[in-house]
Each structure stands twice: as structure tokens, then as C-alpha cells.
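Here's the structure we're looking at; comments come further down.
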Amino acid sequence: MKASPFDWRRGPRSSFALGAEIGVYALFLRDGAVLPGVEPGTNGLIYIGLAANRNGLKGRCHFNARTRNHSPRKSLAVFLRQELSLTPILIVKPNSSDTWGLDMPSDKRLTAWMHANLEVAFETCSDPYSRETELVGHYAPPFNLTKCVQTGQHRRISQARASIMSELRD
């Protein structure tokens, strides 16, 4: 295996000038940061993702996005819902499965929490799909809910996310 995510340059999102390069990225809890109910991986690893579309790494790091389209933000929202007073909303998609996200003020609070408590690391590569599959399979970060062996923690996170969807439909 190539260098591990623990060997990549790591820091706050604001310390990187990202462009449209394709690759993979890893999200880590900062030293001293706590995410109640989550047992992070080595060195605080919580998620490994892929940046393969035209926006590359700049478009996929989750720090200034809306929760509805971003798996790690949804997982964070599950565990920070009470602490940050996050309000989930149902997103109806006429041509695909409905989903959920957060209202705009909640998304802003989650983004602020992420900037204060997470670090990111990146690796550019020519085949990010294979590289992400390799890394997720090897490290099985808690917020990666596919492509790895699912532990009790993974199942708990999936169930908590599904319960928000169920709550919104009721």
C-alpha cells in the first residue's frame, strides 16, 4: 500500500488551498476534540472520502457544504444534534429517493464545529476510486458506512441516520 493517511500533510481546512485535483481525503478529530458516542480510528480518523468529479478536492471536503449530500456531515449531525441544536429537514427528491439534511442555520453551526474540531489530509492520485476502496477497506473509519467490514459502531451510526429519516417521515 502507498503512504497511509497518517503520513499525509494534515491540518485545519483553512491551511489548504485546494483546487480541482482529484484524489482522496481523510477527516480526523483534532487532538483534544471529542465527538460523543464515536470511537474514532487511529489518530482520530473518522472518514476517508473520494474527490473525483470536476470540482476535485475543493468540492468534496465537506467544510462548507450542505448536509443533505454529504455522508460524513450526516453522521456528524447525528452525534451533535443535541449539543448544537441541529434541526433536520426532509428533502423530497421527485426522481430519486428522499433524503434529509439540516436547515441553513444548523448547517452553519455544523460547519463551524467542523472547522473548530476537525482536521483534513489529502492525497492526489490518478485513480481515486480504487484508492478510496483500498483505504476504507484497510482502515474502516467509523463514518465510512460502505466498502469496509461493518462493526457495531458502523451499524449504530447507520441506524441513527435512518431513525432521523423515519422521524421526518412521521
Prolate/oblate/rounded call for region 19-59, Cα gyration tensor, a/c under 1.5 rounded: prolate
Cα→Cβ-extended label distance, 7 Å offset, between Glu83 and Arg169, nm: 2.9
Spacing of the two label points (7 Å from each Cα toward its C-beta) at His115 and Ala33, in nm: 1.3
Shape of the chain, Cα gyration tensor, a/c cut at 1.5: rounded
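How do Tyr47, Tyr25 stack up against each other in accessible area, from largest to smallest, with a 1.4 angstrom probe? Walk me through the intermediate numbers first.
Numbers: Tyr47 25, Tyr25 0 Å².
Sorted by accessible area, descending: Tyr47, Tyr25.
Lysine pairs in the chain 8 or more apart or on different chains: how many have alpha carbons under 22 angstrom apart?
Working: Lys2/Lys147; Lys58/Lys74; Lys58/Lys108; Lys74/Lys93; Lys74/Lys108; Lys74/Lys147.
Value for the chain: 6.
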Cα gyration tensor shape of region 37-109, rounded if a/c is under 1.5, else prolate or oblate by comparing a/b with b/c: oblate
Accessible-area ranking of His70, His138, largest first, probe 1.4 Å: His138, His70
GNM result for the chain, Cα springs below 10 Å: residue of Thr99, Thr67, Thr111 fluctuating most strongly: Thr99
Sum of side-chain charges, Phe79 neighbourhood, beta-carbon under 13 Å (Lys, Arg +1; Asp, Glu -1): +3
Per-residue SASA entry for Asp31, accessible area with 1.4 Å probe, Å² rounded to 10: 150
Relative contact order %, the chain, counting alpha carbon pairs below 8 Å whose residues are six or more apart: 31
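The values are calculated or read from the model by the stated rules, or taken from the named source; none is laboratory data. Here the structure is a predicted model, which means the values were calculated and not measured. Positions of Cβ are generated from backbone atoms using ideal geometry, with glycine treated the same way; all protein chains shown enter the neighbour counts. For the accessible areas, the whole protein counts, side chains as well, though only heavy atoms, and no ligand, DNA or RNA atoms are used. Shrake-Rupley method; radii C 1.70, N 1.55, O 1.52, S 1.80 Å.
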